[in-house]
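Below is one structure, written out as structure tokens; comments come after it.
The values are calculated or read from the model by the stated rules, or taken from the named source; none is laboratory data. The structure displayed is predicted, hence computed values, not measured ones. Here the Cβ is made from the backbone with ideal geometry for all residues, glycine too, and neighbour counts use every protein chain on show. Accessible surface areas use protein heavy atoms only, side chains included; no ligands, DNA or RNA. Shrake-Rupley method; radii C 1.70, N 1.55, O 1.52, S 1.80 Å.
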Amino acid sequence: MNTSMDAVARDAMVSKATLYAYFPSKEALFAHLIAQECNEKQERLQILDLNTHDLETALRSFAHDYVRIFLDDDKMAFFRVVSAENARFPALCHLFFEAGPGNNIRRIATFLDDAKARGLLEFENSCIAATQFVSLVRGELPLCTALGIHRPTEDEIAEVIDSGLAVFLRAYAPRTQRDKENSARRVDDAAA
């Protein structure tokens with residue numbers, strides 16, 4: 001954010017007075033941009049709904065949208081800019097987290113609470129379960145992409161998502177379902 005308000009006004013082809021009429025400071029302008037960027041991301045994400053999709057399908061669809069946002073070059077560049085300003089504008093980083101990742105965790109947690117109420121999942125804390133879900137389905141893909149180590153293929157993205165989703169669903173399956181799966185594994189192991 002080393003850009004001056006003069007440069008912003010010039011690039012926007014408005015007067016500096018007009019710019020200050022809408023945004024009293026560079027921080028206010030940046031806060032507006034963060035909110036707008038996060039809102040655009042939210043609009044790109046699939047709505048999680050158990051009335052139209054089964055649990056696994058809804059989570060997989062959301063995961064694909066979610067991971068693609070993290071791998072988008074423009075979104076990644078925006079994240080780098082926000083992160084770089086943490087020392088000067090920590091409130092903006094907090095705003096970014098709450099409007100973006102924090103909001104996604106709350107959306108997923110609400111969905112998971114609905115799944116729990118329907119007996120499809122079992123967990124203690126939906127926010128922790130939601131955080132674990134996003135961690136499992138995105139894996140190291142965004143980090144490797146951001147560092148320029150590797151740009152994943154569609155097959156690699158699908159593999160990470162499918163594997164993470166399988167782990168999540170096994171971990172949070174209702175106890176009776178987990179018991180049945182464990183018994184089946186023991187039978188398979190004994191037969192081998």
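The residues of region 147-161 that are open to solvent by 40 Å² or more (accessible area, probe 1.4 Å) and outside any loop (DSSP other than H, G, I, E, B), listed by number, are Glu154, Asp155, Glu156, Glu159, Val160. Quick one: is Val67 modelled with pLDDT under 85, in a helix (DSSP H, G or I) and of a type outside the set (D, E, K, R)? Against the criterion (modelled with pLDDT under 85, in a helix (DSSP H, G or I) and of a type outside the set (D, E, K, R)), Val67 does not qualify.
Is one or more of the residues making up region 160-169 over 14 Å from the mean Cα position of the chain (by Cα), modelled with pLDDT under 95 and closer than 23 Å to Asp49 by Cβ? No; the residues of region 160-169 include none that is over 14 Å from the mean Cα position of the chain (by Cα), modelled with pLDDT under 95 and closer than 23 Å to Asp49 by Cβ.
Out of Leu136, Leu121, one residue alone is open to solvent by less than 70 Å² (accessible area, probe 1.4 Å) and in contact with a Gly (Cβ under 8 Å, 6 or more places away or on another chain). It is Leu136. Return the residue satisfying two criteria in turn: it lies in region 100-120 and is part of a loop (DSSP other than H, G, I, E, B) and not aliphatic (A, V, I, L, M), and of such residues it is modelled with the lowest pLDDT. Only one residue tops the list, namely Gly100.
A search for C-beta distances below 6 Å between a residue of region 160-173 that is in contact (Cβ under 8 Å) with a residue 60 or more places away in the chain and of a type in the set (A, V, I, L, M) and any residue that is open to solvent by less than 40 Å² (accessible area, probe 1.4 Å) and outside any helix (DSSP H, G or I), counting only pairs 6+ apart in sequence or on different chains, returns Val160/Gly139.
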